[in-house]
Amino acid sequence: MGNLPKLPIGIQTFGTIRSEGYLYVDKTKYLVDLIDRGKVYFLSRPRRFGKSLTVSTFEALFTGRRELFEGLCAEEFFDRPGYKSHPVIRLDMSQAVTNRGLEDLLSSMTLQVIKSARHHAIELSELALKNPSTALSELIELAAEKEKKTVVVLVDEYDKPILDNMHDLEKAEAAREILRSFYVQIKAADKHVCFVFITGISKFSKMGVFSAMNNLVDVSMDDRYAAMLGYTEEELPAYFGEHIEETAARLGKTREDLITEIRGYYDGFSFDGKTMLYNPFSTLNFFNNPVFKNYWFESGTPSFIARYMKDRNLTVEQFRGFEVSRDFASFPGEIESSTAAGFLYQSGYLSLRPGLIDDYSLDYPNREVHSAMSALLTQNLLGADSSISSGTLMKKFLMETDAGGVVEEFNQLLAAIPYDDYAAAAKTAIRRGGLKMEPVEWLYRSTLLSFLYGIGLDVEAEPHTSKGRADMLVKFRGRVWVMELKVTKKAKKSDDAAKLADAALQQIIEKGYADRFGSAVLLGMAIDDEKRSIEEYRARLV
């Protein structure tokens, strides 16, 4: 990339980024503000969102590495009267051994404390070497005594030992007890501690890991710190201007068109319902290799999310426009009793939007996450190989204006929906944007939508016109398809599939769903609720 600023992909050390000329988006004003306002903080953010870099930046601030902050907002912090450095105890729980027995977890946690003690040239007692809680308590006290200063404690990925075992509740509970005893040592040593910053993906409630740390201030949904991690709309051109220009030229796009595409793929994360943020991991990877891919999603554990969705009979579309209260992400107990909406939000797969009725509504942050989640659902239903071949065939049929082929692929998908999903849908009142929807019809429509999103098509769900809204609008290779579904009701024998298919097509025409397009394929479909398949369809090219 010539003389462009180097992109810090995979680099989480503030000192490395600043001393070796990597691009750094200045977030230090938020760190100084936290220091000025209080003492003990918790911040939850999704994986690969900059938590470790934030912890590393705090460490540099408190250890007096002024040279790293030249030209940044926090540079003035070092000029304050009475400024002094502090010993920092930094613990990275992502390094804890979590896939074996509890003894290995305890040993790896103790090793974390021992490494920090060695960094401060402190020798722990024999008793401390046998237990991580005792070791942490002793280290805090000895570090404060040695330096004659209060101590800063930074904990990164505090919840990893629990999340790694969330499918084994017995192990998760055992890990939770160990962590509870470990973290309580920080509060117990309060007189030796001047600042605490803890990060993780999830926030457990008063019954959880932090039950004894009632002085912890959670800033995860505080609008003052909403932009502390991730890139804002203003920061993207301000810091990545040269990369934007070079990438636009490389791809043969205008600067404005490129930013619009990047926004659609990687923007949209929000932790206060107002401030929209670009995913830092995906943004950096895109500028390094300008191909629109699911960088963030594919870097994590999609198989885990697929299992989570499948075990709970969840669909992708049920969370779009899903209204939630302000405290929805605070787990009532532990992770096993959390709501799916709360867990998926804290994991980064859902994001906040302003609510119509309640405090917030939920949606997928951007095209990357929505399409990837949709692809997972299709793979759950059809299997990985079948979903790929079915997607290829669907694109072929759309391109060839083959309505029969499109319907055939839809029926393959509907046939794969488990009976349990139908049973669950029949008992559930589906709500989107505060509106109650017919549950079984919603299940059919959301499954088809997820399939179309998952194979990478340009899809609009319920696109509005002056007279109403169609179920689906699909664009592919210059061709527009407008689709409407009708479902037979078992209790109404007059619900003949042929009549419903005619009615679906007529609705598209009468309400002008396709009027804004020069030409389109209109497809009305009738699903027999007893056979659970599209029994009749009507298609017209206009």
Point to revise | Karplus-derived HN-Hα couplings along segment 226-239 (A = 6.51, B = -1.76, C = 1.60, θ = phi - 60°), whole Hz, x at Gly and Pro | key: 4, 9, 5, 10, x, 10, 7, 4, 6, 6, 4, x, 5, 9
**Study point:** Accessible area per residue in Å² at 1.4 Å probe, computed on segment 98-254
**Key:** 45
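A 25 angstrom limit on the alpha carbon distance is what I want to check against. Which of Lys253/Lys475; Lys51/Lys187; Lys115/Lys203; Lys6/Lys293 exceed it?
Values: Lys253/Lys475 21 Å; Lys51/Lys187 22 Å; Lys115/Lys203 27 Å; Lys6/Lys293 21 Å.
In this structure, Lys115/Lys203 exceed 25 Å between Cα atoms.
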Exercise for review: Determine, for each peptide in 369-382, 498-511, the mean count of other beta carbons within 10 angstrom over its residues, then list the peptides with the highest first.
Suggested key: 369-382, 498-511
Revision key, fill the gap. Relative to the chain, whose Cα atoms define the longest principal axis, helix 28-37 and its Cα axis are tilted in degrees, nearest 10, by 60
Exercise for review: Kindly provide the helix-only [θ] at 222 nm of the chain, computed as the sum of -39,500 (n - 2.57) over DSSP H runs of four or more divided by all residues, to the nearest 500 deg cm²/dmol?
Suggested key: -13000 deg cm²/dmol
Revision key, fill the gap. Where a ≥ b ≥ c are root eigenvalues of the Cα gyration tensor, a/c under 1.5 meaning rounded, otherwise prolate if a/b exceeds b/c and oblate otherwise, the chain counts as prolate
**Study point:** Whichever lysines have a C-alpha closer than 18 Å to that of Lys531, once near sequence neighbours (fewer than 8 apart) are set aside
**Key:** Lys486, Lys489, Lys490, Lys492, Lys493, Lys499
Check your understanding: For helix 497-510, what angle does its Cα long axis make with the longest principal axis of the chain, in degrees from 0 to 90 and rounded to 10?
Key -> 80
Check your understanding: Any idea what angle helix 169-188 forms with the longest principal axis of the chain, computed on alpha-carbon atoms, 0 to 90 degrees, nearest 10?
Key -> 40
Practice item. Please work out whether segment 87-154 counts as rounded, prolate or oblate from its C-alpha gyration tensor, where a ≥ b ≥ c are the square roots of the eigenvalues and a/c under 1.5 means rounded, while otherwise a/b larger than b/c means prolate and anything else oblate? Key: prolate
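What part of the accessible area of segment 166-234, given as a whole %, is carbon or sulfur when the probe is 1.4 angstrom?
Looking at segment 166-234 in its full context, I get 53 percent from C and S.
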Study note, to complete from the structure: In this structure, the FRET efficiency calculated for Asn214 and Ala498 from their beta-carbon separation, with R0 = 51 Å, to the nearest 0.05, is 0.20
Check your understanding: Ranked highest first by average number of other Cβ atoms within 10 Å, how do 450-456, 174-180, 315-321 line up?
Key -> 450-456, 315-321, 174-180
Review point. Which percent of the accessible heavy-atom area of segment 1-110 goes to carbon and sulfur, probe 1.4 angstrom?
Key: 44
Practice item. Quickly work out the Thr401-to-Ser181 label distance, labels modelled 7 Å from Cα along the C-beta direction, and quote it in nm with one decimal. Key: 7.3
Check your understanding: Which of rounded, prolate, oblate describes segment 1-109, given a ≥ b ≥ c as roots of the alpha-carbon gyration tensor eigenvalues and a/c under 1.5 marking rounded, otherwise prolate only if a/b is larger than b/c?
Key -> oblate
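The values are calculated or read from the model by the stated rules, or taken from the named source; none is laboratory data. Computed from a predicted structure; not experimentally measured. Positions of Cβ are backbone-derived with ideal geometry, glycine not excepted, and every protein chain shown enters the neighbour counts. Please note that ligands, DNA and RNA were not included when accessible areas were found on the heavy atoms of the full protein model with its side chains. Shrake-Rupley method; radii C 1.70, N 1.55, O 1.52, S 1.80 Å.
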